[in-house]
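The structure appears below as structure tokens.
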Amino acid sequence: MSLCKFAYHGPETLDEVLALLAEHGPAARVMAGGTDLVVKMSRGQVAPAVVIGLKRVPGLGDLRFDPVHGLELGCMTRVSDVLEHPAVAAHYPALAEAAQATATVQIRNMATIAGNLCNASPCADNAPTLIARGASVELRSPRGSRTLPLAELFRGPGQTVLAPDELLLCITVPPPRAATGFAYLSLSQRSAVDVSAVGVAAGLTLADGRVAEARIVLGAVAPTPFVATAAADALRGQRPADEAFPAAGDAPAEACSPLGDVRASAGYRRKMVAVLVRRALERATARALADGRARTARPAEVTP
Amino acid sequence: MTSRPIGKDVPRVDGWAKATGAALYTDDLSLPGMLHGALLRSPVPHARIAHLDTRRAAALPGVKAVVVGSDLPAVKYGNWRLVPTTQDELALARGRVRFVGDEVAAVAAVDRDTAEEALALIRVEYEPLPAVFDLDAAMAAGAPVLHEATPDNVSVTRKIAFGDLEAGFGASDYVREDTFTVQAVSHAYLEPCATLAQADDLGRITLWTSTQTPYIVQCLLASTLGLRENEVRVVKPAVGGGFGGKMELRPWDVCAAFIARRTGKPVKFALSREEELATGRRRHPMRLRSRVGFKRDGTLMAKDLQVLLEGGAYNSMGPTATFLVGNFGAMLYRYPAYRYAGAHVYTNHAPAGAMRGFGAPQALFATETQMNMAAEALGIDPIELRLKNAMRPGDEIPDVATVGTCGFAECLERVAEMSGWREKRRRGPGTGGGKGLGIGCYSFITGGVFNWFNTPYPFSAAEVRAYADGTVHLLTMASDIGQGSDTVLQQILAEELGIRMQDVQMTAGDTAMTPKGDLGTWGSRVTLMAGNAVLEAARQVKEELARMVSLRFDLNVVQEVELKDGMVRSKFRPDRGIPFAEAVAMAQKANRGKPVVGRGTYTPRDMGLVTPTFSFGAQVAEVDVDRETGVTRVTKVYTAHDCGTVLNPMAVDGQVHGCIQMGMGYALSEELVMRDGKTVNASFLDYKMPGALDMPECEAVCVETHDPRGPFGAKETGEGPISATAPAIADAVWHASGYRATGLPITAEKLLAALDGDDSIAGERRAEASCAIPDPRPRG
Ligand SMILES: Cc1cc2nc3c(=O)[nH]c(=O)nc-3n(C[C@H](O)[C@H](O)[C@H](O)COP(=O)(O)OP(=O)(O)OC[C@H]3O[C@@H](n4cnc5c(N)ncnc54)[C@H](O)[C@@H]3O)c2cc1C
């Protein structure tokens, strides 16, 4: 397997990165951990003439948390940084679950969350939870900066709305809320080091013991992460019973559009959506209920 | 380090180099002026090559050679040298391709990129021929013929029969007949094949190649190039696994050597993982139909086994597989009457070859699953049913093999105890909240006595050179491909000479430098065969040194001399002795400088048709089946095995773990998925081999026997256990869920479909599929 010929740049400031992007445009690719990019280059799926490495730019890997602004992941934040950070474990356990579901220790030590998103694989493990959690992304180019809800980043398999000169600068996740729980579950044939045949993020906020708001986002069953809005809205007002929401997965299973391939048939993927949505909601409910306010008080503001 | 290494956890002699990356594999080697090769492979499953134009490729700057089939001598090769009609392969196609991946042309260039660029410039016009992709299509009347000499596509048939089958079934109270299917899986050795050839000024070849069988490669390469055997020197560098997939001459060996001779430059070929998975050897997919009869009390009365092996486009090791699957079908239990008929069928798929367990994983998946089904029907506990029928020491398969030592019954008892079988298995199927446990057993050969390669040399040989500085040098062609045989052979030598591991150096797997011969690494033969050769060589050295000490101390002739703790001394009067080094110096001086050398060989004679001795074992797997997703997790595997005397417990454990990993993949997730002759999942992303994180907890005990035919009593352990794992897991899945798999792999999707009553996805409609072998059609 041979790599295409390319020029490598290792800029040391953000401005240099942006200048290089402006100069080379579509001929250039930025490289974060390289765990997708290099694989694609060696398979001849992409052949950039210029590769711009981000690792020497200070500060891009910062992970910041405060209870008011929430979580901010710089574009060089590694998957392992997320997995190991105490604030993530405490306030965003579903993000840690998604990070844990991503690849192996060695890959996680290289791979970035931003790379996982920009690569835009339908089965990217970190997208569904971040979308469910209401994350937004800041895109930066020499022309300026714009901020989008994460769900709007994706256009199709391997395709994003990033312009050729744009960099995904950082990901912002809103602060944790009261009486709220999220969970991520994925299914693949091996217990690790495997692409997910189905990935499900689900979350809900309870008030007075009832669902005030719910989110369901699916991975690997549509060209882009699939936000099951109707199914989630239908949960509003429901009270989780012993077996929380036994049929909650049926509607998203209907609504998504999985493909059949060598990993799983479309029918199996659909069935698994139903199972995993239910299980993820169960886990999310347990997390929400762990907060005493879920049963009694009106939870804090409910909009993302 | 101790001077009594046998029976100890001696670490791998090559472990440090491999763990640090210092070990040199073939692709790490590089010679001045070396060219890089690449192979053009057929994109179609079956076609006539109407036109082949290499001019543009040859004209590309940097390209030094382009070779096609007509450039090479038209000498077919294959491991079954004993029966030349089975030798059906050419390194590069001549006028016809028979599978997707069949090698069509080879290019050598100044670098790999240029070679690959040149491949793209070769124009080939294929005239498609009808292709066959499964047993039924290949054996149908009027099916397309792959090889004209084999008009019915059945290239090999084998039979085994003993006892009165009719009487056996007649006297049976319970007879059942089942059909089992098993899939193609890859060896998935971590080091893809690679080869490096260098020619000298007379055109003689040195070939460094990733092989299990340097001697076989040497002989067959010589024959394809028109050289004499010893004009080819094959050297085996460090090898990253083979599992049976590297025991033949391969096209890249021939192309590298041919181009090296033509250009005068060294040439290297190194395969990619994708090439390996898409076109490499694989374990034979099979369809097995087994009829078995029991008395009401569980006594086995008769078994009738018919097996069709899907061989792919060439014979490879198929003839041996066709025999062995029948042999393994007769193992483990006492069958008063047994009949086996097997046929090896050509299809337009990449050829199957030898793979770990060779014939046993397929045969024993059928045997063991059927035993479990029969136990259920007869209302007898599966372990009790096995104990009632278990082979015992001294049992025979008439005219085929004799069982020497056999700890099978004790293995069954031990594994039942370890796993808490009798308690846990009392629950009915599907009642354990998704948990279940199941059993599978194995027996395997410790080396093959068959001589399909028709070697005129000993099966194994060793030379031991003892030096006056206290070191010894062991030379043997035996090939460590990662299984640890270099370590075990050095242990055997150090033990016998009473010296330390670090006193031993070793040269191995080099056909010019190590004594002839060695058939290579396959059939779990190295420890027994090369081990015995090492012992014999060591004993000659020992005898020589004992003579010196007897002389020096004027020992009474009845006194035994022992070599221990670096000393050569009277066993009775340990003060009468001298250091090993001194004894060697004395012997040399006494022989006017002649070096102290021992030479040993091993060739099995009068040991039936199969092996000097068999290993045995029983395994229990525990699983957790998720009823909603169909996912099976193996949570624990218990193994009780009889590998004779354990020479290195850590090495044995490693083999058992490796077998469990491979057996688990076979059971649950691994399969080369083929569509229209193409491998759909030719990458580790989609070829689902279990990884370290998938491994269950493994608990193993050795039921030690002392086999007089093995060095220090040892038998095999590297292959046997793999055959127990899949049936044990399949039985556990039944116990956990109520679903009885007769086909592999039991993927989550298949299991869920079966539990939901959807047979079409589970592919369980094969009950009517025939395993009958058609009458042979006249041969051309
Ligand atoms: C063995 C293996 C196992 C894997 N397992 C999983 C798994 O289980 N789950 C999973 O989801 N993924 C998996 N992956 C895929 C991969 O590791 C992840 O997608 C990873 O997060 C990518 O991050 P990276 O930093 O390596 O991205 P890179 O390869 O550096 O970049 C990926 C793409 O994004 C672009 N890009 C990167 N950063 C930016 C930015 N800041 N702005 C704009 N564009 C950018 C690059 O140009 C490139 O096109 C696996 C990969 C391998 C090799």
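Here are a few things to note about the model shown:
- Counting the residues of the range A:50-60 that are assigned to a loop (DSSP other than H, G, I, E, B) and out of contact with any helix residue (DSSP H, G or I) (no Cβ under 7 Å at 6 or more places or on another chain) gives 5.
- Comparison of A:THR160, A:THR172, A:THR147, A:THR129 shows that the only residue that is buried (at least 22 other Cβ atoms within 10 Å of the Cβ), polar (S, T, N, Q) and modelled with pLDDT of 95 or more is A:THR129.
- Test: residue in the range A:228-236 that is at pLDDT 90 or above, out of contact with any helix residue (DSSP H, G or I) (no Cβ under 9 Å at 6 or more places or on another chain), away from every other protein chain (no Cβ under 14 Å) and assigned to a loop (DSSP other than H, G, I, E, B): yes
- In the range A:260-290, the residues that are free of Cβ contacts under 8 Å to residues at least 12 places away in the same chain and either away from chain B (no Cβ under 12 Å) or in a helix (DSSP H, G or I) (or both): A:ALA266, A:GLY267
- B:ASP480, sole failed condition from (1) surrounded by fewer than 17 Cβ atoms within 10 Å (Cβ to Cβ); (2) at pLDDT 95 or above; (3) assigned to a loop (DSSP other than H, G, I, E, B): (1)
- Single unsatisfied condition, B:GLY713 versus (1) away from chain A (no Cβ under 14 Å); (2) buried (at least 23 other Cβ atoms within 10 Å of the Cβ): (2)
- Candidates are the residues of the range A:198-209 that are over 13 Å from A:PHE182 (Cβ atoms) and either surrounded by fewer than 24 Cβ atoms within 10 Å (Cβ to Cβ) or more than 16 Å from the ligand (Cβ to nearest atom) (or both); the one that is nearest to the other protein chains (Cβ to nearest Cβ) is A:GLY209.
- Filter result (within 20 Å of the chain's Cα centre (by Cα) and of a type in the set (Lys, Arg)) within the range B:688-731: B:LYS715
- Search result, residues across the range A:7-46 that are assigned to a loop (DSSP other than H, G, I, E, B), within 9 Å of the ligand (Cβ to nearest atom) and free of Cβ contacts under 8 Å to residues at least 60 places away in the same chain: A:VAL46
- Residue tally, condition over 28 Å from B:LYS688 (Cα atoms), small (Gly, Ala, Ser) and buried (at least 24 other Cβ atoms within 10 Å of the Cβ), over the range A:263-288: 2
- Picking from residues in the range B:95-128 that are surrounded by fewer than 16 Cβ atoms within 10 Å (Cβ to Cβ) and in a loop (DSSP other than H, G, I, E, B), the one that is farthest from the other protein chains (Cβ to nearest Cβ) is B:GLY95.
- Condition check for A:SER136: within 10 Å of the ligand (Cβ to nearest atom) and either more than 14 Å from chain B (Cβ to nearest Cβ) or touching a residue at least 60 places away in the same chain (Cβ under 8 Å) (or both): no
- Only residues that are within 8 Å of the ligand (Cβ to nearest atom) and either assigned by TED's automatic domain parsing to the domain that holds A:PRO11 or in contact with a Ser or Thr (Cβ under 7 Å, 6 or more places away or on another chain) (or both) were counted in the range A:152-166, giving 1.
- Given (1) within 16 Å of the ligand (Cβ to nearest atom); (2) in contact with a Pro (Cβ under 8 Å, 6 or more places away or on another chain); (3) assigned to a strand (DSSP E or B), index of the condition A:ALA212 fails: (1)
- Residue list for the range A:68-107, restricted to those being among the charged types (D, E, K, R) and more than 8 Å from the ligand (Cβ to nearest atom): A:GLU72, A:ASP81, A:GLU84, A:GLU97
- Here the strands (runs of 3 or more DSSP E) wholly within the range B:23-73 that include at least 3 residues being modelled with pLDDT of 95 or more and under 16 Å from B:VAL107 (Cβ atoms) are B:35-41, B:63-68.
- Residue match in the range B:343-354 (condition: touching a residue at least 60 places away in the same chain (Cβ under 8 Å) and part of a helix (DSSP H, G or I)): no
- Whichever residue in the range B:630-649 is at negative phi and within 11 Å of another protein chain (Cβ to nearest Cβ) and, among such residues, is surrounded by the fewest Cβ atoms within 10 Å (Cβ to Cβ): B:ARG633
- Residues located in the range B:667-683, provided they are under 28 Å from B:ASP731 (Cα atoms), of a type in the set (Gly, Ala, Ser) and more than 9 Å from every other protein chain (Cβ to nearest Cβ): B:ALA667
- Flag for A:ILE113 being within 8 Å of the ligand (Cβ to nearest atom), among the β-branched types (Val, Ile, Thr) and either in contact with a His (Cβ under 6 Å, 6 or more places away or on another chain) or within 14 Å of chain B (Cβ to nearest Cβ) (or both): no
- The one condition in (1) within 14 Å of chain A (Cβ to nearest Cβ); (2) farther than 30 Å from B:GLY434 by Cβ; (3) hydroxyl-bearing (Ser, Thr, Tyr) that B:THR747 fails to fulfil: (2)
- When A:LEU37 is tested against (1) modelled with pLDDT of 95 or more; (2) surrounded by fewer than 19 Cβ atoms within 10 Å (Cβ to Cβ), exactly one condition is not met: (2).
The values are calculated or read from the model by the stated rules, or taken from the named source; none is laboratory data. Predicted, not measured: the structure shown is a model, and the values here were computed from it. Cβ coordinates were reconstructed from backbone atoms using ideal geometry, including for glycine residues, and neighbour counts include every protein chain displayed.
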